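Structure, as structure tokens:
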Amino acid sequence: MQIIKLIVTAAVWFAAASHAQTDVGMITQLGGEATITGGSAGSGSQAAVPFLKIASGDKISLSNGAQLKIVYFGNGRQETWKGGGQIEVGGLESKSNLKPEVSQLPALVVNQLAKTPAAGQQGKAGMVRMRSIGNPDAAKHLDKQYADLKRDAAAGDTTPEVYLLSGLVELKDFARARTVLGDLSGKAEYKPVVDHFTPVVNAGAGSK
């Protein structure tokens, strides 16, 4: 039984890590200003934003007082950085003279986060990847995992809601997703989440 569990976990990690060949992780939360240079920024540099997928070798510069949260798809490592300073994205963890707060996310959660459309891709045709999930307990499992994440999350951590909304989009439960977005609207810390997922949900609901 333990061997089967290990095989399933490894398969989930592989699915998350291979979601895109160059994407090693994603910025899930950002407070303050930051810029990114490297493959994810194309030529030159650009402002870092929540839900930007990142590649190994990218360099992120945090302004003084900025706070950044990164999730790595390959191992579930979640890093919280506080600026100012520079961070270099690696394959499974970042390098910097700064010291991050590190936590671990479950493999199934990371696999779901990896499916979140990247910044700038929310409304593009084909970018909302949806499939019917045959397991009738999928919604129940989503709710349980969300509750576990919410219980353990630090104040102001939006990761549980990102996970929940990404799961609802995959389940094509757009009515509930809109209810969640309505509940989050008006809360300043969730504004990037609402701004990002609103076109995702609208695009999915319009394609049904």
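General remarks:
- Set Ala147, Ala155: member being at pLDDT below 95 and surrounded by fewer than 16 Cβ atoms within 10 Å (Cβ to Cβ): Ala155
- The set of residues in segment 158-172 that are surrounded by fewer than 20 Cβ atoms within 10 Å (Cβ to Cβ) and over 15 Å from Leu105 (Cα atoms) comprises Leu171, Lys172.
- Being part of a loop (DSSP other than H, G, I, E, B) and hydroxyl-bearing (Ser, Thr, Tyr) is a property that holds for Ser56.
- Tally of residues being part of a loop (DSSP other than H, G, I, E, B), free of Cβ contacts under 8 Å to residues at least 24 places away in the same chain and among the β-branched types (Val, Ile, Thr) across segment 153-179: 0
- Segment 45-95, residues that are at positive phi and among the small types (Gly, Ala, Ser): Gly57, Gly65, Gly76, Gly85
- Segment 81-99, subset of a type outside the set (A, V, I, L, M, F, W, C) and closer than 13 Å to Gly25 by Cβ, residue surrounded by the most Cβ atoms within 10 Å (Cβ to Cβ): Ser94
- Search result, residues across segment 59-73 that are within 20 Å of Pro117 (Cβ to Cβ) and in a loop (DSSP other than H, G, I, E, B): Phe73
- Applying a threshold of 9 Å to beta carbon distances and a minimum spacing of six or more residues, or different chains, the list of pairs starting in segment 180-208 at a residue that is under 13 Å from Thr116 (Cβ atoms) and outside any helix (DSSP H, G or I) and ending at one that is open to solvent by 20 Å² or more (accessible area, probe 1.4 Å) and acidic (Asp, Glu) is empty.
- Within segment 101-118, the presence of at least one residue that is modelled with pLDDT of 90 or more, farther than 21 Å from Ser45 by Cβ, surrounded by fewer than 18 Cβ atoms within 10 Å (Cβ to Cβ) and touching a Phe, Trp or Tyr at 6+ places or on another chain (Cβ under 9 Å) is confirmed.
- Verdict on Pro192 being in contact with a strand residue (DSSP E or B) (Cβ under 8 Å, 6 or more places away or on another chain) and open to solvent by 40 Å² or more (accessible area, probe 1.4 Å): yes
- Residue satisfying condition, being among the acidic types (Asp, Glu), in contact with a Lys or Arg (Cβ under 6 Å, 6 or more places away or on another chain) and without any contact (Cβ under 8 Å) to a residue 40 or more places away in the chain, within set Glu33, Glu101, Glu79, Glu88: Glu88
- Gln46 in contact (Cβ under 8 Å) with a residue 12 or more places away in the chain, touching a helix residue (DSSP H, G or I) at 6+ places or on another chain (Cβ under 9 Å) and not in a helix (DSSP H, G or I): no
The values are calculated or read from the model by the stated rules, or taken from the named source; none is laboratory data. Quantities reported herein were computed from a predicted structural model and do not represent experimental measurements. All Cβ positions, even for glycine, are placed from backbone atoms using ideal geometry, and neighbour counts span all protein chains on display. These accessible areas exclude ligands, DNA and RNA; they are computed on the full protein's heavy atoms, side chains included. Shrake-Rupley method; radii C 1.70, N 1.55, O 1.52, S 1.80 Å.
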